[in-house]
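Step one of this worksheet: look at the structure below.
The values are calculated or read from the model by the stated rules, or taken from the named source; none is laboratory data. Quick caveat: nothing in here was measured; it's all calculated off a predicted structure. Don't worry about glycine lacking a Cβ; one is built from the backbone with ideal geometry, like all the others, and counts go over all protein chains shown.
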Amino acid sequence: MKIVHQTTNLADAYLLRDLLAQAGIQAHVQGEFLRGAVGELPADTPVSLMVPEAQALEARGIIADWERSRPEGDDVQEETGAAATAPASSGRGASTLQILGALSLGALCGGAIVWAIHNRPGDNIARDYDGDGRIDERTYLAGERVDRIETDRNRDGRVDQIVRYRANGDAHSVELDEGFDGRFEIVHRYRDNQPMESSVDHDGDGAIDMRFVHQSGVIVLEEALDTNARVVRTIRYRGGVPVSGEFDADGDGKLDTARTYDAIGEIVASRPLGPAAAD
């Protein structure tokens, strides 16, 4: 594989990938999942567009034509065919979680693609990854930003993952149907692109069964709730490792037993809580 283009704008990277696909060139976006969505690298870290070496020359020609067709005043700094020497800046750069977006734009090309992405509020873009004629992922746009992305992960024709974004492009939440049964059991919520809280509804009754709290993206607290929304188990974490917690041993809805955990989550000590502590 050969690098034919680098950019800090993920929307442009996906756009070019689909433009090359229209010409029969299978391109891959490299480095997308290392960016700010998971906190490892800043959002302006360049990603690379890679193609088979035998098609690199043709791909560069298509990219060059696309760049010449871009609207006047589009000042996104990019490099073609070589590694970027410094991060580019852009007033319309993709949000850090737009790595999940997949843009498939049919026969549109060049400046028309750019115009379509940035000037069609409420439109949506569909992608069929396995070529079976059914939509696997749909990106919903609100003006020039991604509003949400709905994905059918197991290809059964039903959406089982929804990623939502705030108006400023930051991640808002991720909803997951882990049982692929039409019920979204898990919701992850984000603040400043860091995990803030997660909730789990195992039985689909609308009540939270498990809750996880994060600070700076690291888990600090886990809670289990009974059918009356009473906390019946807690586990506190330090550095992402369980250290202590409480448990309702007799099922009366009150925490009555203290526990201590080792680094792999095994209970190493247990003792009854006093009446004052249990209340």
Restricting attention to the stretch 249-259, does a residue exist that is part of a loop (DSSP other than H, G, I, E, B), modelled with pLDDT under 90 and of a type outside the set (Ser, Thr, Tyr)?
no
From the list VAL163, VAL174, VAL146, which one is farther than 22 Å from GLN22 by Cα, at pLDDT below 85 and crowded, with 19+ Cβ neighbours inside 10 Å?
VAL146
Of the conditions (1) surrounded by 14 or more Cβ atoms within 10 Å (Cβ to Cβ); (2) of a type in the set (S, T, N, Q); (3) within 24 Å of ALA11 (Cα to Cα), the single one that ASN168 does not satisfy is (1)
Within the stretch 182-201, residues being farther than 25 Å from THR234 by Cα and touching a Lys or Arg at 6+ places or on another chain (Cβ under 9 Å) number 1
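Pick from the stretch 189-200 the residues that are closer than 11 Å to GLY217 by Cβ and at pLDDT 90 or above: which of them is nearest to the chain's Cα centre (by Cα)?
TYR190
Output the residue which, of all residues in the stretch 210-219 that are part of a strand (DSSP E or B) and surrounded by fewer than 18 Cβ atoms within 10 Å (Cβ to Cβ), is modelled with the lowest pLDDT.
So the first thing to find is which residues in the stretch 210-219 are part of a strand (DSSP E or B), and the list is 210-215, 218-219.
Subsequent filtering for residues that are surrounded by fewer than 18 Cβ atoms within 10 Å (Cβ to Cβ) retains 210-211, 213, 215, 218.
Numbers: MET210: 93, ARG211: 95, VAL213: 94, GLN215: 92, VAL218: 89.
By that ranking, first place goes to VAL218.
Can you say whether ALA207 is in a strand (DSSP E or B) and among the small types (Gly, Ala, Ser), as far as the supplied structure shows? If you could, list the steps in order and put the result at the bottom.
Numbers: in a strand (DSSP E or B): no; among the small types (Gly, Ala, Ser): yes.
Criteria not met by ALA207.
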Test GLY265 against the stated conditions and say whether it is part of a loop (DSSP other than H, G, I, E, B) and closer than 22 Å to PRO195 by Cα.
yes
Filtered residues of the stretch 147-198 (kept if among the aromatic types (Phe, Trp, Tyr) and farther than 25 Å from TYR129 by Cα):
TYR190
Can you find even one residue in the stretch 121-142 that is assigned to a strand (DSSP E or B), within 26 Å of ASP18 (Cβ to Cβ), modelled with pLDDT of 90 or more and of a type in the set (Val, Ile, Thr)?
no
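Kindly evaluate GLU222 against the criterion of being under 20 Å from ILE149 (Cβ atoms), without any contact (Cβ under 8 Å) to a residue 24 or more places away in the chain and either assigned to a loop (DSSP other than H, G, I, E, B) or under 24 Å from the mean Cα position of the chain (by Cα) (or both). Step through it out loud before you land on a result.
Values: under 20 Å from ILE149 (Cβ atoms): no; without any contact (Cβ under 8 Å) to a residue 24 or more places away in the chain: yes; either assigned to a loop (DSSP other than H, G, I, E, B) or under 24 Å from the mean Cα position of the chain (by Cα) (or both): yes.
Criteria not met by GLU222.
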